Amino acid sequence: MKGELSQESEVKVGANMVWEVYGGLQLGKIVSDLLPDVVGTVEVVEGDGGVGTVVKLTFPPERFTRIDDEKRIKETELIEGGFKELGFLSFRVRLEILEKDAESSIIRSTVEYEVAEEHAANAAFVSTKPFGDMAVVVGNYLAAKSNAANNN
């Protein structure tokens, strides 16, 4: 059984500023500092933040499978543990940063998954809420950082 969930969160900073965080390794550091209960700690196992980078979260590790700086899209795939232990054949996350205007942007978080038929009931555990929470925290962090820079 295949499925997809998506959520959009508006943040009050421009898309380029948001992409600077989401496009590389900075997202993991900010989220582990500000939302430790969502991802715990983030450790780079392999890579420099580009495609193929493997990060180990306190929770299951994931691999960066696509980073498109022009379209501001980052995709990751769960490597082991977590949903894989619940019968999921694949579990992918796509994060897109969409420009709304110069002062705001949309963070679209999409989860795509495939779960074995005998574990189909486990699809109920899939949620975009952690990604929405992450978008709000990162947006607030960047807005405060931007305001502080403008006041100096």
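For segment 25-65, which positions are among the small types (Gly, Ala, Ser) and closer than 21 Å to VAL136 by Cβ? GLY28, SER32, GLY40 - these are the residues of segment 25-65 that are among the small types (Gly, Ala, Ser) and closer than 21 Å to VAL136 by Cβ. All conditions in (1) touching a strand residue (DSSP E or B) at 6+ places or on another chain (Cβ under 9 Å); (2) surrounded by fewer than 19 Cβ atoms within 10 Å (Cβ to Cβ) hold for TYR113, with the sole exception of (2). Within segment 1-14, the set of residues being in contact with a helix residue (DSSP H, G or I) (Cβ under 8 Å, 6 or more places away or on another chain), part of a strand (DSSP E or B) and aliphatic (A, V, I, L, M) comprises just one member, VAL11. Within segment 15-40, if we keep just the residues that are part of a loop (DSSP other than H, G, I, E, B) and closer than 20 Å to GLU77 by Cβ, the residue that is modelled with the highest pLDDT turns out to be GLY23. The lone criterion from (1) within 16 Å of the chain's Cα centre (by Cα); (2) at pLDDT 95 or above left unmet by ALA121 is number (1). Screening PRO36 against (1) within 17 Å of MET134 (Cβ to Cβ); (2) touching an Asp or Glu at 6+ places or on another chain (Cβ under 8 Å) leaves a single unmet condition, (2). Would you be able to say whether some residue in segment 125-132 is modelled with pLDDT of 95 or more, surrounded by 14 or more Cβ atoms within 10 Å (Cβ to Cβ) and at positive phi? No: zero hits.
Count of segment 41-96 residues, restricted to those that are at pLDDT 95 or above, in a loop (DSSP other than H, G, I, E, B) and surrounded by 15 or more Cβ atoms within 10 Å (Cβ to Cβ), is 2. When ASN16 is tested against (1) over 20 Å from ARG92 (Cα atoms); (2) in contact with a Lys or Arg (Cβ under 7 Å, 6 or more places away or on another chain), exactly one condition is not met: (2). Is it fair to say GLU10 is under 20 Å from VAL136 (Cβ atoms), touching a strand residue (DSSP E or B) at 6+ places or on another chain (Cβ under 6 Å) and of a type in the set (D, E, K, R)? So GLU10 passes the test.
The values are calculated or read from the model by the stated rules, or taken from the named source; none is laboratory data. Quantities reported herein were computed from a predicted structural model and do not represent experimental measurements. All Cβ positions, glycine included, derive from the backbone under ideal geometry; neighbour counts span all protein chains shown.
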